[in-house]
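Student: Here it is: the structure, laid out below.
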Amino acid sequence: MAGKAGISRMLTLEVTRVTERAAILSSLLAGRGDEKAADQAAVDAMRTELNRLDVDGTIVIGEGERDEAPMLYIGEKVGTGKGPKVDIALDPLEGTTLCAKSMPNSLAVLAMAEGGSLLHAPDTYMDKIAIGGGYPEGLVDLDATPKENITALAKAKGVDVSQITACILDRPRHADLIAAVRATGARVTLITDGDIAGVINTTDPVTGIDIYLGIGGAPEGVLAAAALRCTGGQMQGRLVTSSDEQKARASKMGVKDFDKKYDMHEMASGDVIFAATGVTDGSMLEGIRYVRGGITTHTVVMRSSRGTVRWVKALHPSIEPFK
Ligand code: VTB
């Protein structure tokens, strides 16, 4: 049955299967110190599964541009071609280093949306700000100072600033940002990688994260926006293009205004399905477990048109895919 906005809800389960397979196959390489191999396993699995789906899919956020990524490159057609036209954004293994080192929070991630509804983001950086649901629209803003944002958030949450936790990628480029947030009295949780999870964490009170701030990958920004479209919350992003070469990449993707501040609704519009399966254990999801009788996966899959968030725990009796 096609939903009002045109993307079948039946695809929710199909998309789950795709991230499950990518997570299982990359988990075989978790903790073995080889990022490339772990990533490749996820890419291969994701591509194989995507090509079994009855969709006319185009990769809009993928492993890179055609000349640098042999598989799941931007513009690659996937699926049998028989179904609806869909845009696909993916990160087969978000946090390759985390997986290779068997550290928490590596995920297999995919978003599928009606054709033409995901921002074609270049492989550059993006400055991001995100908060969870239930706050007045426009409460925080990418152009406001950390102090303004944190103070407004504490007031709206009804707590002292010292009770606010900001999640930031631990990078030298964020030294001033981290200092400014700490100077407000708020707490900073630093992450080494994985800012898709960092953004999504703002939507889940158990994580203790109230706000995500800072510069990470632009593709990861679009994937996070797709997730927030489903869960509720607010996010803004702005591309960071520091060289002519990066500007040229952005232009090639159709970006006209390099300084544009994108709202999450502009990064992911229309009907969106988002799925993430844990590879290693994380703040949101359990990682892959090898148990008696098979392999367990833990996936969150959500759909924007209704705002349904499903947590899917699956037992796969064998590593072989079901034909
Ligand atoms: C983030 C993070 C990723 O890249 O987007 C980050 O979410 C940004 O790039 O997991 P730098 O590492 O250059 O700061 C990752 O760490 C890796 O894709």
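Student: How would you rank 167-176, 272-281, 115-124, highest first, on the average number of other Cβ atoms within 10 Å across their residues?
Tutor: Numbers: 167-176: 15.0, 272-281: 27.4, 115-124: 21.5.
Packing proxy ranking, top to bottom: 272-281, 115-124, 167-176.
Student: For labels at D141 and A69 in the simple 7 Å Cα→Cβ model, what's the distance in nm?
Tutor: A separation of 3.4 nm, rounded to one decimal place.
Student: If you fit an axis through the alpha-carbon atoms of helix 146-157 and take the longest principal axis of the Cα set of the chain, what angle between them do you get, 0 to 90°, nearest 10?
Tutor: Long axis of 146-157 versus the principal axis of the chain: about 80 degrees.
Student: In the stretch 59-154, which trypsin sites (Lys or Arg not before Pro) fall in coil by DSSP and have 14 or fewer other Cβ atoms within 10 Å?
Tutor: R66, K82
Student: Could I ask something else about it? Note the angle between two axes, namely the Cα long axis of helix 218-231 and the longest principal axis of the Cα atoms of the chain, as a number of degrees from 0 to 90, rounded to the nearest 10.
Tutor: Tilt of helix 218-231: around 90 degrees.
Student: Same structure, new question: Which of the pairs K128/K256; K128/K260; K155/K260 have their Cα atoms more than 23 Å apart in this structure? Kindly include the intermediate steps, with their values, before the conclusion.
Tutor: Numbers: K128/K256 19 Å; K128/K260 12 Å; K155/K260 28 Å.
Table pairs above 23 Å Cα-Cα are K155/K260.
Student: Something else now. Using a 7 Å offset from the Cα along the Cα-to-Cβ direction at both E148 and K260, what is the distance between the two label points in nm, to one decimal?
Tutor: Simple spin-label model gives 2.3 nm for this pair.
Student: Excluding residues fewer than 8 places away in the same chain, name every one of the lysines whose C-alpha is closer than 22 Å to that of K313.
Tutor: Counting by Cα, and skipping residues close in sequence, K313 has these lysines nearby: K323.
Student: I need the GluC sites (Glu not before Pro) found in the stretch 49-110, filtered to DSSP loop residues with at most 12 other beta carbons within 10 Å of theirs.
Tutor: Here the sparse-neighbourhood loop sites are E68.
Student: Now a separate question. State the extension gain, in nm to one decimal, for the chain segment bounded by F322 and V309, taking 0.36 nm per residue of separation less the distance between their alpha-carbons. Could the numbers behind the result be given before it?
Tutor: Numbers: separation 13, 0.36 × 13 = 4.68 nm, distance 2.53 nm.
Extra length from F322 to V309 when fully extended: 2.2 nm.
Student: While we're looking at this one, here's another question. Using DSSP to call loops (not H, G, I, E or B), can you name the trypsin sites (Lys or Arg not before Pro) in the stretch 198-276 whose Cβ has at most 13 other Cβ atoms within 10 angstrom?
Tutor: K256, K260
Student: Further question: Assuming 0.36 nm per residue, please report the length gained on full extension of the stretch R289 to K85 beyond their Cα-Cα distance.
Tutor: 70.0 nm
Student: Here's something else I'd like to know. Relative contact order for the chain: what is it in percent, counting Cα pairs under 8 Å that are at least 6 residues apart?
Tutor: The value is 20 percent.
Student: Packing-wise, with mean Cβ within 10 Å as the measure, how do 51-58, 214-221 rank, highest first?
Tutor: 214-221, 51-58
Coordinate-derived values only; no laboratory data. Bear in mind that the values here come from a model prediction, so they are computed numbers and not experimental data. We place every Cβ from the backbone using ideal geometry, glycine too, and count neighbours over all the protein chains shown.
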